[in-house]
Structure formats: structure tokens, C-alpha cells
Amino acid sequence: MTPFFKIMLVCIVLLLIVGCYKDPKIEGANKISQMERTSTSEKIFKQNKDADILCVYGARFYKRDEDQEQYKQMDLTINHELGEVRKEYKDGNTFEDYMATKLQVGTKIFTIQGQMQSELLLVKLGEKYIVYIYIRINRSIGG
């Protein structure tokens with residue numbers, strides 16, 4: 001075996017070892033994020049089993065605001081497309097990022113400009129934009 005092939009073989013083996021390595025910090029953060037999503041979604045469903053919610057940013061939940069009229073006067077401006085719904089929630093599933101209970105897969109999600117940027121998202125349904133508001137869940141120590 002020539003030195004070139006030996007070097008290539010060593011490089012391939014090293015790439016496989018490094019590429020398959022799972023960082024425990026990332027794995028731990030993913031587990032914490034999943035626990036947060038599960039805990040938050042359970043609290044939301046306890047209040048309203050038929051909630052129209054959307055999860056983005058890892059573990060932030062937004063719900064469709066029933067009073068869409070109030071936003072027409074606010075002149076909301078789209079900042080950028082955040083993404084789209086990747087999965088539709090089915091009863092008993094574990095909530096994931098970019099999953100929604102009522103929105104179809106592929107529905108576009110947008111952030112807005114201005115002071116309420118972190119509080120509101122816009123979702124495009126047909127030719128309309130629907131406002132989803134951030135859900136604040138009170139977290140108590142130990143629960």
C-alpha cells in the first residue's frame with residue numbers, strides 16, 4: 001500500500017469518527033428543549049383541548065388570536081419569513097419545533113417589524129395574514 005493510500009485511509013477514518021460524534025452539550029440542550037415543549041403544550045391543552053397553537057424558536061408557543069380586527073389598525077409590517085409549518089400535531093404526539101395543531105404543513109410563518117416583534121407572528125392563509133400571539137406560561141419552581 002502506498003503512502004498516499006495510507007494517508008487517505010487515515011483521513012477517511014478520522015472523518016467518520018469526528019462526523020459521528022454526538023456532542024453531549026447539544027444532546028442535553030435538545031432534551032431540555034423537548035421537555036419544555038412537552039410541559040408547555042400540556043399546560044396549554046389543559047386549559048383548552050382544542051387550542052390553535054404553533055411552536056417555533058425551539059419552545060415558544062403562539063396561539064391564534066380570536067380578535068383579528070384589532071390588528072388591522074396597527075398596520076403590521078412583515079419583517080421576514082421565519083419558516084413554515086413542518087408537521088401537524090396529532091393527539092398524543094410529542095410537540096416539535098415548527099409544529100402546529102390547526103395549520104397545514106407548508107403554511108408560511110412571518111415575523112413582524114417593530115415593538116411587538118417577539119409577541120406576534122403572522123401566518124399566511126390563502127391571501128390573508130392571521131395574527132398569532134405569544135403564550136406566556138407561568139413557570140413555578142418545581143412545577
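The values are calculated or read from the model by the stated rules, or taken from the named source; none is laboratory data. What you are looking at is a predicted structure, and each value in this text was computed from that prediction instead of being measured. Using ideal geometry, Cβ is built from the backbone for each residue, glycine included, and neighbour counts are taken over all protein chains shown. Remember, those area values only see protein heavy atoms, side chains included, never the ligands or the DNA or RNA. Shrake-Rupley method; radii C 1.70, N 1.55, O 1.52, S 1.80 Å.
Conditions: (1) open to solvent by less than 20 Å² (accessible area, probe 1.4 Å); (2) in contact (Cβ under 8 Å) with a residue 60 or more places away in the chain. Residue 68 meets all but one. Number of the miss?
(1)
Looking at the structure I just gave you, is residue 42 without any contact (Cβ under 8 Å) to a residue 40 or more places away in the chain and in a helix (DSSP H, G or I)?
When the stated conditions are applied, residue 42 passes them.
Sort through 54, 16 and tell me the only one that's part of a helix (DSSP H, G or I) and either more than 30 Å from residue 90 (Cβ to Cβ) or at pLDDT 80 or above (or both).
Values: 54 fails: part of a helix (DSSP H, G or I).
None of the other options fit; the residue is 16.
Out of (1) closer than 23 Å to residue 135 by Cβ; (2) under 20 Å from the mean Cα position of the chain (by Cα); (3) open to solvent by 70 Å² or more (accessible area, probe 1.4 Å); (4) modelled with pLDDT under 85, what's the single condition that is false for residue 26?
Result: residue 26 passes all but (1).
Listed here are the residues, each with its yes/no results for (1) under 21 Å from residue 38 (Cβ atoms); (2) small (Gly, Ala, Ser); (3) in contact with a strand residue (DSSP E or B) (Cβ under 8 Å, 6 or more places away or on another chain).
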residue	(1), (2), (3)
82	no, no, yes
89	yes, no, yes
94	yes, no, no
98	yes, no, yes
117	no, no, yes
120	no, no, yes
123	no, no, yes
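Scan the range 99-121 for residues that are open to solvent by 10 Å² or more (accessible area, probe 1.4 Å) and closer than 14 Å to residue 84 by Cβ and jot them down. Before you say what the answer is, go through the steps one by one.
So the first thing to find is which residues in the range 99-121 are open to solvent by 10 Å² or more (accessible area, probe 1.4 Å), and the list is 101-102, 104-108, 110, 113-119.
The answer is 104, 105, 106, 107, 108, 110.
Return the residues of the range 34-44 that are surrounded by fewer than 18 Cβ atoms within 10 Å (Cβ to Cβ) and either of a type in the set (Gly, Ala, Ser) or touching a strand residue (DSSP E or B) at 6+ places or on another chain (Cβ under 9 Å) (or both); say none if nothing qualifies.
39
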